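Throughout, read-outs are computed from the coordinates displayed, never taken from laboratory work. Bear in mind the structure is a predicted one, so any value in this text is a computation, not a measurement. Virtual Cβ from ideal backbone geometry, glycine too; neighbours counted across all protein chains shown.
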Amino acid sequence: MRNWAAVTMRLSLSKISCGVLLTLITLSWIGIYSSLMAGDQPQVSHRARSLQPGEVVHFAVSLPERADEVKAEAFQKVFRFYPGESNLDHVWEGLVGIDLNAKAGNHEVQISAFRRGVKVFESHRTLEVFSKEFPERRITVEEKFATPPQSQLERIRLESKKVSGIFARTTPERIWDGRFIRPVPGKVISSFGKRSIVNGQPRSPHSGTDFRAAEGTPVKAPNAGKVALVQDLFFAGNTVILDHGLGLYSYFAHLSKFDVSEGQIVAKGDVVGEVGSTGRVTGPHLHWTLRLTGTRVDPLSLMAVLEATSQESE
């Protein structure tokens, strides 16, 4: 309970008009109301492996009272939050992605809470994003994958549109739970964000992480999700996309075999396919891409921040 200073005032109505008395009472209530509002602001904290392009930032918001929706607007995207892992009343958590092409500098994050569609709280934070120099990789592949023939251009366009459409959807429920696991045990052989030179020509940056793995190695779901795509794509080869909910997607490429079908719900650790060398590759490995509300983020960043969060809540 708050300790309020008691002030006793003797007012003579014969000397002070009712209008003045009403003004004094009104000013007193304004002061009390302002004090209450100052103490009822949401508490916001965040953690990240680093504040650089391709990183995931975990936010925790402690609200003074109940809300049924919390979201953050940042980097021209809307990121949906979820009730906190700690199960404490009025605590919400959320993931914000810093895209691979994010510019260095200060970026505003606006966090809003709603109850029955009405905004009840709002908080503004500034993230200072630092620049990052990504290394370069040079690979040599079949010429058709460096310069696709005219006959394949329509296929490539339709596949790109389909995949982009999947990533643009945000399932309103969170399907994943807790930390993410590695889909294969092998070491990283090509890191996220590398600038790619394919057959001597500059191409798009490497927007995923490649893991060493032999042909036929089982690929496990890093967390629970719904299978959004099972298809052979021109560049990615045999591909599986998992929808983890709240705009978070895993994309596994170059598989030799599928073990799931579209629409299937998988649990953390379920096998979704096997490692292969289909599509534009130089040999067998697993390519794992993450999309978080459309932003390109490093899977290892997500794993690190959720690992730290899980340990703290245990």
If you find the alpha carbon centre of the stretch 223-276 and of the stretch 131-187, how far apart are they in angstrom? 12 Å
One quarter of the C-alpha convex hull surface, i.e. the mean projected area of the stretch 164-302 in nm², amounts to 7.6 nm²
Too-long pairs where the Cα-Cα distance tops 26 Å, listed order kept, from Lys161/Lys268; Lys132/Lys161; Lys77/Lys226; Lys132/Lys220; Lys132/Lys162; Lys187/Lys268: Lys161/Lys268; Lys132/Lys161; Lys132/Lys220; Lys132/Lys162
5 Å is the cut-off here: which amide hydrogens, built 1.01 Å from N in the peptide plane, fall below it relative to Leu233, excluding neighbours closer than 5 in sequence? Asn238, Thr239
Could you check what % of the DSSP bridge pairs in the stretch 136-313 are antiparallel, to the nearest 5? 90 percent
Neighbouring Cβ atoms within 10 Å as the yardstick, rank Lys226, Lys77 fewest first. Lys77, Lys226
Suppose R0 equals 25 Å. What FRET efficiency, 1/(1 + (r/R0)^6) with r the Cβ-Cβ distance, do Glu142 and Glu215 give to the nearest 0.05? 0.90
Kirkwood hydrodynamic radius, the stretch 43-129, all distinct C-alpha pairs: what's the number in Å? 13.2 Å
